[in-house]
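Working notes, structure below.
The values are calculated or read from the model by the stated rules, or taken from the named source; none is laboratory data. Given the structure is predicted, the values throughout are model-derived calculations rather than measurements. Note that each Cβ is placed from the backbone with ideal geometry, even for glycine, and that neighbours are counted across all protein chains shown. We work out accessible area using only protein heavy atoms, side chains counted, and drop any ligands, DNA or RNA first. Shrake-Rupley method; radii C 1.70, N 1.55, O 1.52, S 1.80 Å.
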Amino acid sequence: MSDETALLRAMFAASLGSAPGGGGTAEGDLSGELWPDFLGLLAQITQAGSAELRLQGVPGAGAARCWRVGAGGPGPGEDTLERMRTGRVYSQVDLPLPPGAPAQAAPLRALRLRLDEGGLALLSLQRTGEDFRATDGLHLSALTPHLGPALSGWRQLVRERAHAALDRQIGAALGAGWIIFTASGQVSAMAAGLAEQLRDAAGIGLRADGRLALPDPVAQALRQALMAAAQGGVQRLALSTAPRLDLSLTREVLAGSPQLVGRLRRDLSARGLPPERLAAAFGLSRSEARLTACLCDGLSLAEAARDLSWTLETVRSTSKQIYARMGARGQTGVVRRVLESGVWLG
């Protein structure tokens, strides 16, 4: 493999968050921790003492991002970066330094790029002793058409995966998740964190053969539902009744191939919410919040009294206070207010 090919492979691996040759997680490591691997290879090929990659002025990126390998000092400063031309490889003798600035002494090669979404990228190499070879500058020139798009693509993936993580958090908070099955009933993929939720909430784990560990009647019903869903239409079944776990199965095309997609919805329990959250959301006391949770879970006043170890008279008087504070007409109004609120989202 040529040096140029190896550099491009390392660069695009960093932009995608995956190690060259595969491996890693499905999500990839987009924290930026793979850019130093690219810089390390570049420093090795060019025999540089240090290599630095800096992003500056990128919209939505906050403070400038900088990765550096080796023991050299920082690359050209911000004033110098603004004066550099995009796509040109500079040496220490031809950097456009601000008036009065000291000249760069150590041998250096630097490349400035303008990113698609705005902002600048600076790639710089430094070494001690003799100057860089001509071929070292050519390595930077060869990266010029590719590094900007790779960094822009990395930034876009960072944003998209951050948004996807928010979607997953909201879906999980509302009791929703997804599972992709093979035709034989094996789980090929599921929403992040869903395996732990299934295990902790309903004792449903994954068997060694990749299938859900379900009681025989439920496992048989799932197999039949999968066969029916493969023919088209929607199939529904309950994976668990305590707690309630409902599964809806459809045959859909995902990423260009047909898949059996299961959408899972678990029963939400208001009593599982922190009382402090309910209290803060509706201006209730902690005791009123505990009773509100019982009412939202469908308990009658008598059942709520037993659940809370209160007298029925205390429950009745507290419920009237709740109705007044929430502006609700009875228990159904309380349930509606809570179910329509964002209290489930944390």
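Values computed for the structure shown
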| read-out | value |
| --- | --- |
| Filter result for residue 118 (modelled with pLDDT under 95 and out of contact with any Pro (no Cβ under 6 Å at 6 or more places or on another chain)) | no |
| From the options 200, 209, 216, residue that is among the charged types (D, E, K, R) and within 25 Å of the chain's Cα centre (by Cα) | 200 |
| Every residue from the range 233-254 that is of a type in the set (S, T, N, Q), over 13 Å from residue 198 (Cα atoms) and in contact with a Lys or Arg (Cβ under 9 Å, 6 or more places away or on another chain) | 248, 250 |
| Helices (runs of 4 or more DSSP H) fully within the range 268-334 counting 2 or more residues that are open to solvent by 50 Å² or more (accessible area, probe 1.4 Å) and closer than 30 Å to residue 246 by Cβ | 275-282, 301-308 |
| The range 161-215, residues that are β-branched (Val, Ile, Thr) and more than 16 Å from residue 345 (Cα to Cα) | 179, 180, 182, 187, 204 |
| Residue check, residue 171 over 30 Å from residue 81 (Cβ atoms) and surrounded by 13 or more Cβ atoms within 10 Å (Cβ to Cβ) | yes |
| Residue within the range 56-64 that is part of a strand (DSSP E or B) and touching a Cys at 6+ places or on another chain (Cβ under 9 Å) present | yes |
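Okay, residues lined up against (1) modelled with pLDDT of 95 or more; (2) surrounded by 12 or more Cβ atoms within 10 Å (Cβ to Cβ):
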residue: 221; (1), (2): yes, yes
residue: 229; (1), (2): yes, yes
residue: 233; (1), (2): no, no
residue: 243; (1), (2): no, yes
residue: 250; (1), (2): yes, yes
residue: 265; (1), (2): no, yes
